[in-house]
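Working notes for the structure below.
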Amino acid sequence: MAERKVRVRFAPSPTGPLHIGGVRTCLYNYLFAKKNGGELLLRIEDTDSQRFVPGAEDYIIEAFKWLGITFDEGVGVGGPNGPYRQSERREIYKIYVKQLIESGHAYYAFDTPEELEAKRNAIPNFQYDSHTRMQGVNSLTLSADEVNRRIAAGEKYVVRIKVEPDEDVEVDDLVRGKVVINSNILDDKVLYKAADELPTYHLANIVDDHLMEITHVIRGEEWLPSAPLHVLLYRYLGWADTMPRFAHLPLLLKPEGNGKLSKRDGDKLGFPVFPLLWKDPKTGDISSGYRESGYLPEAVVNFLALLGWNPGNDQEVFSMDELIQLFSIDRISKSGARFNFEKCKWFNHEYLQKRSDEEVARMFEPILKDKGVQCPFDKLVYIVSLVKERITFPSELWDQTDFFFQAPTAYDEKSLKKRWKEESPQCLRELVEVLKGIDDFSKVVENEQLVLDWVASKGYNLGTVMNSFRITLVGAAKGPHIFNIIDIIGKDETIARVNRALEVIK
RNA sequence: GGCCUUUUCGUCUAUCGGUUAGGACGAGAGAUUUUCAUUCUCUAAAGAGGGGUUCGAUUCCCCUAGAGGCUACCA
């Protein structure tokens, strides 16, 4: 086989918001494509007309835009192999359905869903396959005339693959090695439904991957059991020599308990399982998203990249470019990864520190606006510089800085009990006089030295003075350096806060 | 039930037959900080069980168990 340009695809079904596991699958596809100088396609697999959800497609596109994952071809960007929505490719699939039937690898089946349901109930482990298909109502058991008559009469039929029995089908998986399944356990899967004139996933997937010249199929492990069917389809269609390589990714599991990660886990444990906030168009239910929860896209990408892959050394923090350089399929792990969002938070803290004070200040602006607070931008940057390292999410900014914008309305009991001494009022009254003598509060270092000297000259306990002072300014025993605080709130406000505290605190 | 995959600290993982089994998150303890937080240091913490193969198995093979997936006219 000649060397082909690497082409991979992400092919979600627009049945709702994109699950974080899907995001990881796409990320791995992206990293693999970029690493190998290849291309990534976005294909929308909307062959299930029943489960189509409006808005899901736009959501998917927006989510990857936010994450910095770009597509070279597909829905939203176009390309020479379109259309990229399977619902718009009906006529293409029909050609191959016909080819499969004519070559004897598929057949018409007229069994109704009710009949099949009845068989499943009556016969344990019933499956439509080489052992049972001759009892079905299909083009194998009906005369050609009868088949034609039924089709002409508009009877709803499906087309099923005719799996040849007693054959070991081999899937050479890039992650798991050779996986062999005997064709006897495969059933004659439905490939096409006359009811909506659409193929099922299996056929559409193979036809599109072939036509779009996909070289590597990187997808979740849930597809491993049907991979042999796909191999068979490539063979029956005569495309075995250009069949893509498969790589089945380990699944993302719940943080605790059993099963794979689901929407409910997020709701229950209080972390998002979707990249973006999603509002269900039918029910109006809201599902939280990483973006709206204050996660940085590079943190989400970094966290996800390491869930099932590692570079083989101790490095933990990677830029997208580094991930691209380092990524390789043979370092993908085989077992499912439990989703640990504490680590995700840690990544967010790391990446937030990498952002400049100006950038973080900009994240703070809408929060302040919401609080009805006005603040000059350069002052905001100054404030952010004092508290940035303390926070993991921009949403924590207000709690860390509210005292810069408004005087404390109450004084924390615990702090008072621990830090407010009997001599505090007297010390503070004298401190006010000292502060009054300072003209420029922006001389942080000098002012501190001045106060320190004064405390020493009076023989006061430094901790008592400073902690009491802090409580009057902040309302509690917390916050950044005191002399930065008074620089920001200014002389008048500083003195006013001390005086007010002196009145209120008994 | 059947079939497939998988199994190293609580979690994510390193180790490609010979290591004091390493790192990170989280946890605990100290230090720094006149406050709180940050930061730093240290500590505890793992090869599912049983058989083989081998001079030697976490590593290779088999069995059992656990975990996960699939078993639709869904993807």
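The values are calculated or read from the model by the stated rules, or taken from the named source; none is laboratory data. Bear in mind that the values here come from a model prediction, so they are computed numbers and not experimental data. FYI the Cβ positions are ideal-geometry reconstructions off the backbone, even for glycines, and counts take in every protein chain you see. Surface accessibility is based on the protein's heavy atoms, side chains included, excluding ligands, DNA and RNA. Shrake-Rupley method; radii C 1.70, N 1.55, O 1.52, S 1.80 Å.
Is it the case that region A:174-195 has a residue that's under 23 Å from residue A:73 (Cβ atoms), assigned to a loop (DSSP other than H, G, I, E, B), touching a strand residue (DSSP E or B) at 6+ places or on another chain (Cβ under 9 Å) and within 12 Å of RNA strand B (Cβ to nearest atom)?
Yes, region A:174-195 contains at least one residue that is under 23 Å from residue A:73 (Cβ atoms), assigned to a loop (DSSP other than H, G, I, E, B), touching a strand residue (DSSP E or B) at 6+ places or on another chain (Cβ under 9 Å) and within 12 Å of RNA strand B (Cβ to nearest atom).
With a requirement of 1 or more residues that are under 22 Å from residue A:35 (Cβ atoms) and either within 16 Å of RNA strand B (Cβ to nearest atom) or not assigned by TED's automatic domain parsing to the domain that holds residue A:208 (or both), the helices (runs of 4 or more DSSP H) lying completely within region A:236-341 that satisfy it span A:297-305, A:320-326.
Among the residues of region A:82-97, is there at least one that is closer than 15 Å to residue A:187 by Cα, touching a residue at least 24 places away in the same chain (Cβ under 8 Å) and open to solvent by less than 50 Å² (accessible area, probe 1.4 Å)?
No; the residues of region A:82-97 include none that is closer than 15 Å to residue A:187 by Cα, touching a residue at least 24 places away in the same chain (Cβ under 8 Å) and open to solvent by less than 50 Å² (accessible area, probe 1.4 Å).
Filtering region A:277-295 to residues that are touching a helix residue (DSSP H, G or I) at 6+ places or on another chain (Cβ under 7 Å) and over 21 Å from residue A:255 (Cα atoms) leaves only A:278.
Contact map, region A:204-222: residues that are over 17 Å from residue A:82 (Cα atoms) paired with residues that are of a type in the set (S, T, N, Q) and open to solvent by less than 10 Å² (accessible area, probe 1.4 Å), Cβ distance under 6 Å, separation 6+ or inter-chain. Pairs shown: A:218/A:29. Summed over region A:205-226, residues that are near RNA strand B (Cβ under 9 Å from one of its atoms) and either surrounded by fewer than 22 Cβ atoms within 10 Å (Cβ to Cβ) or not assigned by TED's automatic domain parsing to the domain that holds residue A:192 (or both) total 7. Where residues in region A:377-421 are within 14 Å of RNA strand B (Cβ to nearest atom) and of a type in the set (Gly, Ala, Ser), which of them is nearest to residue A:345 (Cα to Cα)? By that ranking, first place goes to A:385. Could you tell me whether region A:462-474 includes any residue that is over 15 Å from residue A:405 (Cα atoms) and open to solvent by 50 Å² or more (accessible area, probe 1.4 Å)? Scanning region A:462-474, I find at least one residue that is over 15 Å from residue A:405 (Cα atoms) and open to solvent by 50 Å² or more (accessible area, probe 1.4 Å), so the answer is yes. Any residue in region A:432-447 that is surrounded by 18 or more Cβ atoms within 10 Å (Cβ to Cβ) and either among the hydroxyl-bearing types (Ser, Thr, Tyr) or within 11 Å of RNA strand B (Cβ to nearest atom) (or both)? Yes; the residues of region A:432-447 include at least one that is surrounded by 18 or more Cβ atoms within 10 Å (Cβ to Cβ) and either among the hydroxyl-bearing types (Ser, Thr, Tyr) or within 11 Å of RNA strand B (Cβ to nearest atom) (or both). Taking each residue of region A:224-250 that is without any contact (Cβ under 8 Å) to a residue 60 or more places away in the chain and looking for partners that are aromatic (Phe, Trp, Tyr) and more than 10 Å from RNA strand B (Cβ to nearest atom) with beta-carbon atoms closer than 6 Å, six or more apart or interchain, yields A:227/A:246; A:240/A:234; A:243/A:234.
When the residues of region A:37-72 are filtered to those that are open to solvent by 30 Å² or more (accessible area, probe 1.4 Å) and hydroxyl-bearing (Ser, Thr, Tyr), the one that is modelled with the lowest pLDDT is A:49. If the condition is being more than 10 Å from RNA strand B (Cβ to nearest atom) and not small (Gly, Ala, Ser), then region A:107-118 contributes A:107, A:108.
Within the bounds of region A:10-17, is there any residue that is touching a residue at least 12 places away in the same chain (Cβ under 8 Å), more than 12 Å from RNA strand B (Cβ to nearest atom) and of a type in the set (Val, Ile, Thr)? So far as region A:10-17 goes, no, none of its residues is touching a residue at least 12 places away in the same chain (Cβ under 8 Å), more than 12 Å from RNA strand B (Cβ to nearest atom) and of a type in the set (Val, Ile, Thr). Identify, please: which residue in region A:119-131 is in a loop (DSSP other than H, G, I, E, B) and within 12 Å of RNA strand B (Cβ to nearest atom) and is, among those, nearest to residue A:194 (Cα to Cα)? Checking each candidate, the answer is A:128.
Filtering region A:131-181 down to residues that are buried (at least 16 other Cβ atoms within 10 Å of the Cβ) and of a type in the set (Gly, Ala, Ser), which residue is farthest from residue A:250 (Cα to Cα)? So the residue we want is A:139.
Of the residues making up region A:360-381, those that are over 18 Å from residue A:487 (Cα atoms) and among the aliphatic types (A, V, I, L, M) are A:360, A:361, A:363, A:367, A:368, A:373.
Residues considered: A:369, A:388. Of these, the only one that is open to solvent by 60 Å² or more (accessible area, probe 1.4 Å) and basic (Lys, Arg) is A:369.
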